[in-house]
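*Asks:* So that we are looking at the same thing, I have put the structure below in structure tokens.
Just so it is clear, none of the values below were taken in a lab; they were calculated from the coordinates. Treat the numbers as computed from the prediction; the structure is a model and nothing was measured. As a convention, Cβ positions derive from the backbone with ideal geometry for all residues, glycine included, and neighbour counts pool all protein chains shown.
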Amino acid sequence: MWTGQQPEVWQVAGPMIAAAMTFALGSRGRKTLVGVVIALMGWSTLGTIVKLIGEGPYLHVIGGWVAPLGITWRIDGLSAVMLVLTTLIGAGISVYSLGYFGTSSREQHNETYFWPLWLFLWGSLNAVFLSGDIFNWYVTLELSGLAAVALITLSNKPDALTGGMRYLIIALVASLFYLLGVALLYGEYGILDLGGLSKAIEPTHLTMVAMSVMTIGLIAKAALFPLHFWLPPAHSNAPSPVSAVLSALVVKSGFYILLRLVIEVWPAEMTHALAQGLGILGGAAILWGSFLAIKQQRLKRLIAYSTVAQLGYVFLMFPLMTIGWDTDTNWTSRAFAGGIYQVVAHALAKASLFLAAGVLIHARGSDDLEGLRGLGEKLPLTVTAMALAGISLMGIPPGAGFFAKWMLLTTAIYSQHWSWAAIMLIGGLMAVGYLFRIYRRLLTHVDHGTFHQPSRIMEFAALGLAGLSLLFGLSSMPLLYVLRIGMPEQLTNYFWGMM
Amino acid sequence: MTVMHLFGLTGVALFCIGLFGVMTKPHLLKKLLSLNIASAGVFLLMVALASRGDRPDPVPHALVLTGIVISVSATAYAVGLAARLHRATGMVTLEVKPEDDA
């Protein structure tokens, strides 16, 4: 059967079809449909990985229309790891959302629009991770951006509308910057496809301009300091399952494109300066984001600033990767594995934190940090989820974040780049500082009156994702085994030795 | 200087004017208009680039068409959102609250 040979098709088609169906069906059969989508995505991701391991990296030409007018998908280790991530987090968020919305007519109305938009967002994120040409990325970024803004503004509250509007304008400007770069590259080389572009590209002034404008656009999408200012209001005012997907996956799509361009397209002479710049901004993001997280008085705002800080670690992979690009590629592959693992670890932990925050806010009716006192006794599962996710975020073993930060830190120390190492260590301490502001209040024995029992399914979803962030820390080899397939040798040779 | 260069540079100029508008005008509709001017600039640049060879290159035209569709939908959605924001808050600008100053 053709579907059996091309499981990757369902990564995008599955959620999109389901989105149209929930829109038509309304609340009828919603649980069944969500169950079918999760099963389909799990099967499709597994099938894609089996095919990838069997055949090596491959292309999928949609409808048989070849580039440049057709769309070609590329499946290799990096895209497969991102698909695993969207599948796990997508499943967690979907299960959680079944219990999230209340029974009032306002909440029912929100839920009717939540499902199609969320499934569209899921499908378009997968499309970002599967695409292999620079113009398609523009289209898929716009798709996911518009769906994300619509989800933020779902509640119709003034704060959410303002946060969403600001995000929308930033996202549109960022896309235009990116598109300008695409136009310049196409004008110079006449190629949009990543593979062709990487062979044709020359270190000219025009390439430099294209690289600069595309990088500006993408770091705005990825909320890298100093273009992070839109993130906290947008992420903290969205409904909790939406905050989770925004922080875990949507900001990563901009990063993913940036990474692809750095490792495959930009000429090696030019990446060194770019990587240093991204690293400096990443280091500033760690310090500034953590500092502001410590100062926040509202739970979801604190978690949103923590996203700004944790994204900083991801961007530290760029300067660390270029250290040994020509000489000792052990550094490069260590930094690469650490950076990707940080993406995975942060996505799982942060999704879990936002979902757990949603449970706590539901229980208390407010997201004031002081109001959390005494909830630890009443919602032990949720507090456990928060603690497990925090272990990963703070970089304590055996969380997945520990492995990621260990790889990045050891690269910096062994190659004697002390400033990067110092920033990572300080950032880790600051993460302890802001997360314990939450735990301290949760674990005090004070009873504060109002308490609504939240749905159990929400607690289990948050706990499940937190558990996964621990599981990936206990066993990092399966993911690295997949990651290595079809990636350039400099990025993976260290792990060849370990496997 | 060829016609292609003239159109291309006009496109870049439009992009810069639009960008300036987005950053300096507080009114949301002016921001959205500026965004459209900036995207028109990028599209003009792409169309100009299509005339590089002996024959016009069809690919940039396909790209610009896709871009226009996206730009129209995004603008429509943004105007709708701005109207909703106006209904909910009575504001036509994005107010900056002290806690957002980061």
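*Asks:* Set the Förster radius R0 to 60 Å, insert the Cβ-Cβ distance between A:Ile62 and A:Arg440 as r into 1/(1 + (r/R0)^6), and round the FRET efficiency to 0.05.
*Replies:* Calculated value: 0.70.
*Asks:* When you count, for each residue, the other Cβ atoms within 10 Å and take the mean per peptide, how do B:29-37, A:204-212, A:99-107 rank with the highest first? Before the final figure, lay out each step's value.
*Replies:* Working: B:29-37: 19.3, A:204-212: 16.3, A:99-107: 14.2.
Ranking the peptides B:29-37, A:204-212, A:99-107 by packing returns B:29-37, A:204-212, A:99-107.
*Asks:* Here's a follow-up. Please compute the net charge surrounding B:Leu35, taking Lys and Arg as +1 and Asp and Glu as -1 over other residues with Cβ under 14 Å from its Cβ.
*Replies:* Details: positive: A:Arg166, B:Lys25, B:Lys30, B:Lys31; negative: A:Glu142.
Neighbour charge sum, excluding B:Leu35 itself: +3.
*Asks:* Could you give me D for chain A, from Stokes-Einstein at 10 °C and 1.306 mPa s, where the hydrodynamic radius is the Kirkwood radius over C-alpha pairs? Units µm² s⁻¹, please.
*Replies:* On the way: Rh = 22.6 Å.
Calculated translational D: 70 µm²/s.
*Asks:* Sticking with the crude label model, points 7 Å out along Cα→Cβ, report the distance from B:His61 to B:Met91 in nm, one decimal please.
*Replies:* Result: 4.5 nm between the two label points.
*Asks:* Also: Tell me, what ³J(HN,Hα) does each residue in the range A:412-421 have, in order and in whole Hz, if you take phi through Karplus 6.51 cos²θ - 1.76 cosθ + 1.60 with θ = phi - 60° and put x for Gly and Pro?
*Replies:* 5, 6, 4, 8, 6, 9, 5, 5, 4, 4
*Asks:* How far, in nm, would the chain grow between A:Ile396 and A:Gln6 when pulled straight, counting 0.36 nm per residue and subtracting the alpha carbon separation?
*Replies:* Values: separation 390, 0.36 × 390 = 140.40 nm, distance 3.95 nm.
Taking A:Ile396 through A:Gln6 to full extension adds about 136.4 nm, to one decimal.
*Asks:* Sticking with this one: Once the Cα gyration tensor of the range A:1-141 is diagonalised, what are the square roots of 5 times its eigenvalues, in whole Å and ordered largest first, as equivalent ellipsoid semi-axes? Walk me through the intermediate numbers first.
*Replies:* Numbers: eigenvalues 171, 51, 33 Å².
Each semi-axis is the square root of five times an eigenvalue, giving 29, 16, 13 Å.
*Asks:* From the backbone phi of the range A:254-261, what are the Karplus-calculated ³J(HN,Hα) couplings (6.51 cos²θ - 1.76 cosθ + 1.60, θ = phi - 60°) in whole Hz, Gly and Pro given as x?
*Replies:* Those phi angles translate into x, 4, 4, 5, 4, 5, 4, 5 Hz.
*Asks:* Let me check I've understood the local charge: for A:Asn156, count other residues with C-beta under 13 angstrom from its C-beta, Lys and Arg +1, Asp and Glu -1. What total comes out? Mind showing how you got there, number by number?
*Replies:* Details: positive: A:Arg106, A:Lys157, B:Arg84, B:Arg87; negative: A:Glu107, A:Asp159.
Cβ neighbours under 13 Å give a net charge of +2.
*Asks:* Could you run the Karplus curve 6.51 cos²θ - 1.76 cosθ + 1.60 with θ = phi - 60° over the range A:122-139 and give me ³J(HN,Hα) per residue in whole Hz, x for Gly and Pro?
*Replies:* Taking θ as phi minus 60°, the curve returns 4, x, 6, 5, 4, 5, 4, 6, 8, 5, x, 9, 6, 6, 4, 5, 4, 4 Hz for the range A:122-139.
*Asks:* What average count of beta carbons from other chains do you get within 10 Å of the Cβ of residues in B:43-52? Working shown, then result.
*Replies:* Working: counts 2, 1, 5, 8, 1, 2, 6, 2, 0, 4.
Counting other chains' Cβ atoms within 10 Å and averaging over B:43-52 gives 3.
*Asks:* Exactly which chymotrypsin sites (Phe, Trp or Tyr not before Pro) in the range B:1-68 are in a DSSP loop and have at most 10 other Cβ atoms within 10 Å? Could you put the intermediate results ahead of the total?
*Replies:* Numbers: sites: B:Phe7, B:Phe15, B:Phe20, B:Phe43; in loops: none.
Counting only loop positions with at most 10 other Cβ atoms within 10 Å, none of the chymotrypsin sites (Phe, Trp or Tyr not before Pro) in the range B:1-68 qualifies.
*Asks:* Calculate, for A:Ile413 and A:Glu269, the FRET efficiency according to 1/(1 + (r/R0)^6) with r their C-beta to C-beta distance and R0 35 Å; round to the nearest 0.05. Don't skip to the end; give the middle numbers.
*Replies:* Values: r = 27 Å, r/R0 = 0.78.
For A:Ile413 and A:Glu269, the calculated efficiency is 0.80.
*Asks:* What does the charge count near A:Met487 come to, summing +1 for each Lys or Arg and -1 for each Asp or Glu among other residues with Cβ under 10 Å from its Cβ? Please list the in-between numbers first.
*Replies:* Values: positive: A:Arg484; negative: A:Asp76, A:Glu264, A:Glu489.
Once all neighbours under 10 Å are counted, the net charge is -2.
*Asks:* How large is Rg over Rh for the range A:120-248, taking Rg from the Cα atoms and Rh as the Kirkwood inverse mean of 1/r across Cα pairs? Could you put the intermediate results ahead of the total?
*Replies:* Details: Rg = 15.9 Å, Rh = 15.4 Å.
A ratio of 1.03.
*Asks:* Treat each spin label as a single point 7 Å out from the Cα along the C-beta direction, and report the A:His109 to B:Ala13 distance in nm.
*Replies:* 4.8 nm
*Asks:* Write down, largest first, the equivalent ellipsoid semi-axes of the range A:1-48 in whole Å, where each equals the square root of 5 times an eigenvalue of the alpha-carbon gyration tensor. Please list the in-between numbers first.
*Replies:* Numbers: eigenvalues 96, 22, 11 Å².
Calculated on Cα positions only, the semi-axes equal 22, 11, 7 Å.
*Asks:* In Å and whole numbers, how far do the C-alpha atoms of chain B stretch along each principal axis, longest first?
*Replies:* Principal-axis extents of the Cα atoms in chain B, largest first: 56, 25, 21 Å.
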